[in-house]
1. Among the residues in the range 62-69, are any part of a helix (DSSP H, G or I), within 17 Å of the chain's Cα centre (by Cα) and not small (G, A, S)?
2. If you scan the range 12-41, which residues turn out to be among the small types (G, A, S) and in contact (Cβ under 8 Å) with a residue 24 or more places away in the chain?
3. Do we find that A77 is in contact with a Ser or Thr (Cβ under 6 Å, 6 or more places away or on another chain), over 26 Å from L144 (Cα atoms) and not charged (D, E, K, R) in this structure?
4. Being touching a residue at least 12 places away in the same chain (Cβ under 8 Å), surrounded by fewer than 15 Cβ atoms within 10 Å (Cβ to Cβ) and either β-branched (V, I, T) or over 29 Å from I139 (Cβ atoms) (or both) narrows it down to one of V100, V108, V65, V88, so name that one.
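Nothing in this text is a laboratory measurement; each read-out follows from the coordinates by a stated rule. This is a predicted model, so every value here is computed, not measured. Note: ideal-geometry Cβ built from the backbone for every residue, glycine included; neighbour counts use all protein chains shown.
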Amino acid sequence: MTRWLDDGEQRTWRAFLAASQRIQEELDRQLQRDSGMPHTYYAILVRLSEAEKRKMRMSELAGSVGSSPSRLSHAVARLEERGWVRRVPCESDRRVSWAVLTDEGLAVLVAAAPGHVEAVRRTLFDRLGPEQVGQLAEICMEILHDAVLQDPAS
């Protein structure tokens, strides 16, 4: 038997979708305008900057940015063309490739970060009070926790 959404759940679901889309679109616009890159590229650069030796396996990087391996490979190819990332084959396992953040890529990320953080503040955190920020964090962590428990790959 289908458990249909009641009116309150339907309003909440639609508001969540619209808010999520608006935030993503605003962040993408800001990064395109100010740094010449889509939000997806920024997310890849951030993950690599946080990794040990600024290097990650392509499969791990895909999972960390929520991308399919083929979509990530296409994005990394564009980042390689810009000189921001390079792909390196693994010496011990030829099936594995590493994505490595270059010094130029790190410099681009460092330059883009202040504007991006300001856009995140403006589109999300400036609209919420401290209690709401805490509630949002709890809700998001709960949703992510459930997704991890249901993911057969984890």
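1. We begin by selecting, within the range 62-69, every residue part of a helix (DSSP H, G or I); these are 62-65, 69.
Narrowing the set further to residues that are within 17 Å of the chain's Cα centre (by Cα) leaves 62-65, 69.
When the remaining residues are screened for being not small (G, A, S), the result is 65, 69.
Scanning the range 62-69 turns up at least one residue that is part of a helix (DSSP H, G or I), within 17 Å of the chain's Cα centre (by Cα) and not small (G, A, S).
2. Taking the range 12-41 first, the residues among the small types (G, A, S) are 15, 18-20, 35-36.
Across the range 12-41, the qualifying residue is only S35.
3. Details: in contact with a Ser or Thr (Cβ under 6 Å, 6 or more places away or on another chain): no; over 26 Å from L144 (Cα atoms): yes; not charged (D, E, K, R): yes.
Judged against the criteria, A77 is not a match.
4. Numbers: V100 fails: surrounded by fewer than 15 Cβ atoms within 10 Å (Cβ to Cβ); V108 fails: surrounded by fewer than 15 Cβ atoms within 10 Å (Cβ to Cβ); V65 fails: surrounded by fewer than 15 Cβ atoms within 10 Å (Cβ to Cβ).
The unique qualifying residue is V88.
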